[in-house]
1. Quick check: anything in the stretch 48-61 open to solvent by less than 60 Å² (accessible area, probe 1.4 Å), touching an Asp or Glu at 6+ places or on another chain (Cβ under 9 Å) and at pLDDT 90 or above?
2. Kindly provide the set of residues from the stretch 1-21 that are modelled with pLDDT of 90 or more and in contact with a Lys or Arg (Cβ under 7 Å, 6 or more places away or on another chain), ordered by number.
3. Kindly establish whether R64 is at pLDDT below 95 and assigned to a strand (DSSP E or B).
4. Going through the stretch 13-44 one residue at a time, which ones are in contact with a Gly (Cβ under 8 Å, 6 or more places away or on another chain), surrounded by 14 or more Cβ atoms within 10 Å (Cβ to Cβ) and more than 14 Å from Q3 (Cβ to Cβ)?
5. Quick one: count up the residues across the stretch 1-37 that are closer than 14 Å to W59 by Cα and in a strand (DSSP E or B).
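The values are calculated or read from the model by the stated rules, or taken from the named source; none is laboratory data. Values in this document were obtained by computation on a predicted structure and should not be read as measured data. All Cβ positions, glycine included, derive from the backbone under ideal geometry; neighbour counts span all protein chains shown. For the accessible areas, the whole protein counts, side chains as well, though only heavy atoms, and no ligand, DNA or RNA atoms are used. Shrake-Rupley method; radii C 1.70, N 1.55, O 1.52, S 1.80 Å.
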Amino acid sequence: MKQWKYLWRKEFVELRNGLNVSTTGWVDDITADGLTIWIYLSGGMGRVMIHQCDGIDVWRVDSRICQNRSDPAAEKANPA
């Protein structure tokens, strides 16, 4: 997804390097200009800040696929 400003908070996403999925997580916040995004990583791996220049692709995951994903607030409260 090239325009991060169109992502929603708590939306489940994949972080990719090329075609390889490096990790997954939930959108926590996005700057107004859409150049910087914060992601809560799956598996209780913390929160990361990513800038468009970092070379990481953010892919929206189809909501039908992520119906069984846990809530990011629950992951923060009960890290794996």
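1. First, pick out the residues of the stretch 48-61 that are open to solvent by less than 60 Å² (accessible area, probe 1.4 Å): 48, 50, 55-58, 61.
Those still in the list that are touching an Asp or Glu at 6+ places or on another chain (Cβ under 9 Å) too: 57-58, 61.
Checking the rest, the ones that are also at pLDDT 90 or above come to 57-58.
Yes, that holds for at least one residue.
2. Listed by number, the residues that qualify are L7, E11, F12, V13.
3. Numbers: at pLDDT below 95: yes; assigned to a strand (DSSP E or B): no.
Criteria not met by R64.
4. L15, I39, Y40, L41, S42 - these are the residues of the stretch 13-44 that are in contact with a Gly (Cβ under 8 Å, 6 or more places away or on another chain), surrounded by 14 or more Cβ atoms within 10 Å (Cβ to Cβ) and more than 14 Å from Q3 (Cβ to Cβ).
5. Within the stretch 1-37, residues that are closer than 14 Å to W59 by Cα and in a strand (DSSP E or B) number 15.
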